[in-house]
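Okay, so here's the structure we're looking at.
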Amino acid sequence: MTHEQEYYKNYERKIAGLQEIAESLRSGDDHDDVYIFSQSRIDDIGRRPFLYWFGEETLRLFTDYEALGDGIADIGVGLQTDNDDKFVRKYWEVDKSELGRRYIRYQMSGTDAEYYDYPTDYVDWGQGEEEMKETGWVRNEKFYFNQGVTFRRFGNYFVGRWLPKNSIFHDKAPFVTSESLSEEILLANLNSTLYRYLANGLNPGINFEVGDAERLPIKSSYNNEETLTKLTNLCVSERRSVSEIYEISADFNGEAVAAVLNKDVSSLLRVEEAMKARKLAAHGAIDTILFNEYEISPETRDQMYEQLPKNTARFPVATDAHVEYPDVLSDHITIKDFDQDRLNEAVETLSEMDTPTLREAALETKLSPLTVAQLRYDHDLYTADEYTDTAGRIVSLIVGTLFGRWDTGKDLPTLDDEILSFGDDKQVESLLYEAVDLLFTDGQAVISDMESALSRNLEEWLRERFFRYHHVDEYKPRGERSPIYWQLESPNGAFSCFIYYHGIDANTLPKLRGQYLDPRIGELENELETLNAQTNGDNPDKELLNRKGKVQNDLDDIREFRDTIDEMIDDGVTVDVEKGIWENIKEWDQYDILETGLPKLKSSYSR
């Protein structure tokens, strides 16, 4: 009986529960909440934790197998810089030429992604190594730059991730390496439900320690090592494929995204969900194999799954869903014929779910994630939010391509400089439409779908919504806002443009003034002169008067903006990449020229 069991959540329930258990035992009946085991079992676990609820079957693992830290693997915490604001950058803050050279991939705590995490953080080892060794904590340096495995110390359950070579790991992502066990076997164990259950017992909190990992029992040889290796490699491969189409990952590959954008907006959703479904299926197969390897009974497996994410690989793949999957999964999935009513019922269930995860959808429909992913695509069951987000990702890809940041492998239009300016000539709209037309087989249909998802035409959405509601929300490390496309706008919005952070230099603001603001002001002055002449008389045309008023307002607005830009030029404002994006954009924001100021973008910040 523990407080974690809902049935015994208060004092009264505990007293009643004790009476119930006592009566069962007196009558000679078994009770699920009575645990019988030899106390000597605890002696085989480091620090002798009183894990009575594990039961004899689970506790004997600590007797039958060596602990991970008893000569099987080396486990150690990594680098703490003492000043992350100075030494750590998100990959998009750094010039691409310095990634992997001055700035080294830095596995911090990261996300809860299993098998492989999105690479976003980089540490300035090239210029900061000596200072970090003096002021920070450089632990287990012998493992730096080595390929291996890390686990996430912070989380609701254990998560292991493959770490490529030329990387450094953080204190919150301890490194695991073994001479006798492969990385694949280590990853399979670290991500298994068995290990998660054991780790949660050894440390019921949400901050796992190196000592917890060292106490975990592990087999030295496996009957199904080849299969486990293949399935683990599939999990890593699918996670890396997802990472390649995720823009704030350093793995992002414009060509990889363009390769899946063929028919419609949902093609990106379909491919991404299929990758995740294959990973889920392989992960579930690994779970089952390891349970068999460690001879865990079905009853004990159920006990473990009560507290942890369920295994969705047990659900069947529907024959009629026409699911594609790699050969390595063939022996680990069940194919089943369903009548149309059963599939229609599943489709209806999925349609009623609000942006479900694949695991949630599989549990609700009792179908394999592979089938769920296919049904969602076949029956267009994606939510409005999913369509809006995906359309935004496509626009973001196009913007990055315009600025020369991304290469899609297709002949998309690009800009001549680091400034994308909105004007009355519809140039931006033409650029966006041309790019969509080149990315998709039926560009016009996709443009219609995207504009429906965004509730605006593409140029309007880019100008009115992209910066504040999409781009800044994506690029936000550590709660800060670090966009790479900065939208500058006059006080009343008569002039608006995007500036690419990595293109900014000492000439950017003078260029903005001389090549964009001055010509626009000249155009408005000429139009205003013409309108003055046309309305200089009795009974002037009302439309001309209205236009005259708008032109005058726009002219005043842009002149005010130009004056601010002049002030910035006089103050020598540019960017210093050494400071990072956040410190630079804060300086620019002091002049109140961002389309949405930082106080609105980050509630805890004020000028």
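The values are calculated or read from the model by the stated rules, or taken from the named source; none is laboratory data. Computed from a prediction, not measured in an experiment: that's the story for all the values here. Note that we place each Cβ from the backbone using ideal geometry, even for glycine, and neighbour counts take in every protein chain shown. For the accessible areas, the whole protein counts, side chains as well, though only heavy atoms, and no ligand, DNA or RNA atoms are used. Shrake-Rupley method; radii C 1.70, N 1.55, O 1.52, S 1.80 Å.
Among the residues of segment 493-501, not a single one is open to solvent by 40 Å² or more (accessible area, probe 1.4 Å) and out of contact with any Asp or Glu (no Cβ under 7 Å at 6 or more places or on another chain). Between Gly110, Gly128, the distinction of being open to solvent by less than 50 Å² (accessible area, probe 1.4 Å), outside any strand (DSSP E or B) and touching an Asp or Glu at 6+ places or on another chain (Cβ under 6 Å) belongs to Gly110 only. Among the residues of segment 224-234, those identified as of a type outside the set (A, V, I, L, M, F, W, C) and either under 24 Å from Gln374 (Cα atoms) or buried (at least 18 other Cβ atoms within 10 Å of the Cβ) (or both) are Thr229, Lys230, Thr232, Asn233. The number of residues in segment 270-288 that are closer than 12 Å to Val242 by Cβ and open to solvent by less than 10 Å² (accessible area, probe 1.4 Å) comes to 1. Exactly one residue out of Ile218, Ile206, Ile168, Ile185 is more than 24 Å from Thr81 (Cα to Cα), within 26 Å of the chain's Cα centre (by Cα) and of a type in the set (A, V, I, L, M, F, W, C): that is Ile185. Only one entry in Ser267, Ser237, Ser221 is open to solvent by 50 Å² or more (accessible area, probe 1.4 Å), more than 28 Å from Ser297 (Cβ to Cβ), of a type outside the set (Asp, Glu) and free of Cβ contacts under 8 Å to residues at least 12 places away in the same chain, namely Ser237. Residues that are assigned to a loop (DSSP other than H, G, I, E, B) and surrounded by fewer than 23 Cβ atoms within 10 Å (Cβ to Cβ) within segment 182-202 comprise just one, Ser182. Per the conditions (1) in contact with a Pro (Cβ under 7 Å, 6 or more places away or on another chain); (2) open to solvent by less than 30 Å² (accessible area, probe 1.4 Å), the sole criterion not satisfied by Asp251 is (2). In segment 443-489, the qualifying residues are those that are assigned to a loop (DSSP other than H, G, I, E, B) and modelled with pLDDT under 95, and the one that is farthest from Tyr387 (Cα to Cα) is Glu480. Would you be able to tell me the number of residues in segment 149-171 that are part of a loop (DSSP other than H, G, I, E, B) and either of a type in the set (S, T, N, Q) or surrounded by fewer than 20 Cβ atoms within 10 Å (Cβ to Cβ) (or both)? Selection size over segment 149-171: 7. Just one of the listed residues (Arg547, Arg481) is open to solvent by less than 80 Å² (accessible area, probe 1.4 Å), in contact with a helix residue (DSSP H, G or I) (Cβ under 8 Å, 6 or more places away or on another chain) and in contact (Cβ under 8 Å) with a residue 24 or more places away in the chain, namely Arg481. Taken as a whole, the structure leaves Tyr516 outside the set of residues that are among the hydroxyl-bearing types (Ser, Thr, Tyr) and within 28 Å of Thr120 (Cβ to Cβ). Looking only at segment 515-535, decide whether some residue is hydroxyl-bearing (Ser, Thr, Tyr) and over 22 Å from Phe495 (Cα atoms). Yes, the conditions are met somewhere in segment 515-535.
The set of residues from segment 362-386 being part of a loop (DSSP other than H, G, I, E, B), open to solvent by 30 Å² or more (accessible area, probe 1.4 Å) and under 15 Å from Arg342 (Cβ atoms) comprises Lys366, His379.
Give the residues of segment 420-436 that are in a helix (DSSP H, G or I) and over 17 Å from Gly254 (Cβ atoms), sorted by residue number.
Gln427, Val428, Glu429, Ser430, Tyr433
If the condition is being basic (Lys, Arg) and farther than 18 Å from Asp425 by Cβ, then segment 521-559 contributes Lys542, Lys548, Arg559. Checked against the criterion of being over 26 Å from the mean Cα position of the chain (by Cα), open to solvent by 100 Å² or more (accessible area, probe 1.4 Å) and without any contact (Cβ under 8 Å) to a residue 60 or more places away in the chain, the candidates Asp302, Asp320, Asp354, Asp341 yield just one match: Asp341. Looking across segment 111-147, just one residue is without any contact (Cβ under 8 Å) to a residue 40 or more places away in the chain and either at positive phi or among the hydroxyl-bearing types (Ser, Thr, Tyr) (or both), and that is Thr111.
Entry remark, segment 242-301: residues being among the acidic types (Asp, Glu), at pLDDT below 95 and not in a helix (DSSP H, G or I) number 1 in total. The set of residues in segment 85-98 that are assigned to a helix (DSSP H, G or I) and farther than 17 Å from Glu130 by Cβ comprises Asp85, Tyr91, Trp92, Glu93, Lys96, Ser97, Glu98.
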